[in-house]
């Protein structure tokens, strides 16, 4: 076992999803996970998309298990071992393959290629593990994003993954693969193909928005100081994401989590704000975002709202895509961020406009937090903060955001967006003023007229 395989085994849980690049060692890892319980006298099973893909592994398993084999059936792809252990192999040409069996461990190989993976897992394989409280290993190189393997991978991420765990490792994690060969493949393949096959990234092959993503991955220490924190809120199904971007255009930090109440989210954001020198916060203002932003401002944080509409989202996403094209942005080697960027799609609407979003079943929270933050860096906030939001405030919508909350000081300061309303961090909330998009200061008595 090489170190990356050993790391996966050490961190494993009951249900494990391994998204690995080509030749990264999936098959060896899977066989190891079956052989150990089989040698301990337990029944185990290997599932492949087709019998043709199964055949090489079947031959390899026979060779490895030959010294302890009691009997085998070529027709049934079944090996019985000394001590009572069994290894059976099935093709998922039919999602009901193996129905009625009970296993202590199963491996689903190249499961991104299984057309009815959800059916096979939910209705056949998961019930097989009930009697013996068995474990499952999902092994595959990714194949786009519109499939159940991608959903299972997401299930193993985050704070509340329970019995699930997932990993994403490139081909280069295998020390037995010559790095020069990987570099040669990068020259020969398209960026999407290389990202999927060698970087183990979930990419969208239709309507991909961002290019040159891997070229933007920083190789040295982060440059610049914290200038903007982009915030995309979530609570239950979606993630909350805070992305700190430097004045040099480099992502300095990412905080991603879900299932935490908003009071704790504010505290977490406040800690990040202090850690990075109190940069301007640009936070999503939709839904519960407005009241949360209001409280942040009352707490003295330098915060500005971003109202997400189809138009403002398009502007923010297109500005971020342009930054990648021009090489103006640097990002960390973060698999969640890279995966979301590569999977992000553009879909045409009947109106002729484009809708930007994650594929069905995926997430775009990290992308949107970065896009919102990038608006501050490139100096586009006056449009992206959305005039409708500010006008609704000035029209007397006190239930959404209190006007006194948006007085953030005046003039200059370190805000790279060149928006004077972001100011120098002085709260000055007692004046009861807001800053309009044209830069005018509006007092409370004017605002309520």
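Hey, any hits in the range 320-336 for a residue that's in the same structural domain as residue 273 (by TED's automatic domain parsing), within 17 Å of residue 238 (Cβ to Cβ) and either modelled with pLDDT under 90 or buried (at least 18 other Cβ atoms within 10 Å of the Cβ) (or both)? There is at least one residue in the range 320-336 that is in the same structural domain as residue 273 (by TED's automatic domain parsing), within 17 Å of residue 238 (Cβ to Cβ) and either modelled with pLDDT under 90 or buried (at least 18 other Cβ atoms within 10 Å of the Cβ) (or both).
Got at least one residue in the range 272-288 being crowded, with 18+ Cβ neighbours inside 10 Å, modelled with pLDDT under 90 and not in a loop (DSSP other than H, G, I, E, B)? No, the range 272-288 contains no residue that is crowded, with 18+ Cβ neighbours inside 10 Å, modelled with pLDDT under 90 and not in a loop (DSSP other than H, G, I, E, B). Among the residues of the range 74-103, those identified as more than 23 Å from residue 153 (Cβ to Cβ) and crowded, with 23+ Cβ neighbours inside 10 Å are 79, 85, 87, 89. In the range 219-240 there is at least one residue matching the filter, namely being under 16 Å from residue 335 (Cα atoms), in a loop (DSSP other than H, G, I, E, B), in the same structural domain as residue 322 (by TED's automatic domain parsing) and touching a residue at least 40 places away in the same chain (Cβ under 8 Å).
Going by the structure shown, is residue 318 free of Cβ contacts under 8 Å to residues at least 60 places away in the same chain, under 22 Å from the mean Cα position of the chain (by Cα) and outside any loop (DSSP other than H, G, I, E, B)?
Values: free of Cβ contacts under 8 Å to residues at least 60 places away in the same chain: yes; under 22 Å from the mean Cα position of the chain (by Cα): yes; outside any loop (DSSP other than H, G, I, E, B): yes.
So residue 318 passes the test.
When 145, 106, 114 are screened for being at pLDDT below 95, farther than 23 Å from residue 317 by Cβ, outside the structural domain of residue 255 (by TED's automatic domain parsing) and touching a helix residue (DSSP H, G or I) at 6+ places or on another chain (Cβ under 7 Å), only 114 passes. Considering (1) farther than 30 Å from residue 147 by Cβ; (2) part of a strand (DSSP E or B), the lone condition that residue 75 does not fulfil carries the number (2). Take the conditions (1) surrounded by fewer than 15 Cβ atoms within 10 Å (Cβ to Cβ); (2) assigned to a strand (DSSP E or B); residue 215 misses just one of them, which is (2). The one condition from (1) surrounded by fewer than 23 Cβ atoms within 10 Å (Cβ to Cβ); (2) within 30 Å of residue 261 (Cβ to Cβ) that residue 303 does not meet is (1). Taking the listed residues 116, 110, 123, the one that is over 22 Å from residue 168 (Cα atoms) and either within 24 Å of the chain's Cα centre (by Cα) or buried (at least 24 other Cβ atoms within 10 Å of the Cβ) (or both) is 116, with no other qualifying.
Against the condition outside any loop (DSSP other than H, G, I, E, B) and buried (at least 22 other Cβ atoms within 10 Å of the Cβ), how does residue 263 come out, does it pass? Taking the combined requirement at face value, the residue does not satisfy it.
Surrounded by 15 or more Cβ atoms within 10 Å (Cβ to Cβ), touching a helix residue (DSSP H, G or I) at 6+ places or on another chain (Cβ under 7 Å) and either assigned by TED's automatic domain parsing to the domain that holds residue 135 or free of Cβ contacts under 8 Å to residues at least 60 places away in the same chain (or both), is that true of residue 69? Steps first, answer last, please.
Working: surrounded by 15 or more Cβ atoms within 10 Å (Cβ to Cβ): yes; touching a helix residue (DSSP H, G or I) at 6+ places or on another chain (Cβ under 7 Å): no; either assigned by TED's automatic domain parsing to the domain that holds residue 135 or free of Cβ contacts under 8 Å to residues at least 60 places away in the same chain (or both): yes.
No, not satisfied.
When you check residue 177 against the structure, is it buried (at least 17 other Cβ atoms within 10 Å of the Cβ) and free of Cβ contacts under 8 Å to residues at least 24 places away in the same chain, yes or no? I'd like the intermediate steps shown before the answer.
Numbers: buried (at least 17 other Cβ atoms within 10 Å of the Cβ): yes; free of Cβ contacts under 8 Å to residues at least 24 places away in the same chain: no.
It is false that residue 177 is buried (at least 17 other Cβ atoms within 10 Å of the Cβ) and free of Cβ contacts under 8 Å to residues at least 24 places away in the same chain.
The values are calculated or read from the model by the stated rules, or taken from the named source; none is laboratory data. Bear in mind the structure is a predicted one, so any value in this text is a computation, not a measurement. Don't worry about glycine lacking a Cβ; one is built from the backbone with ideal geometry, like all the others, and counts go over all protein chains shown.
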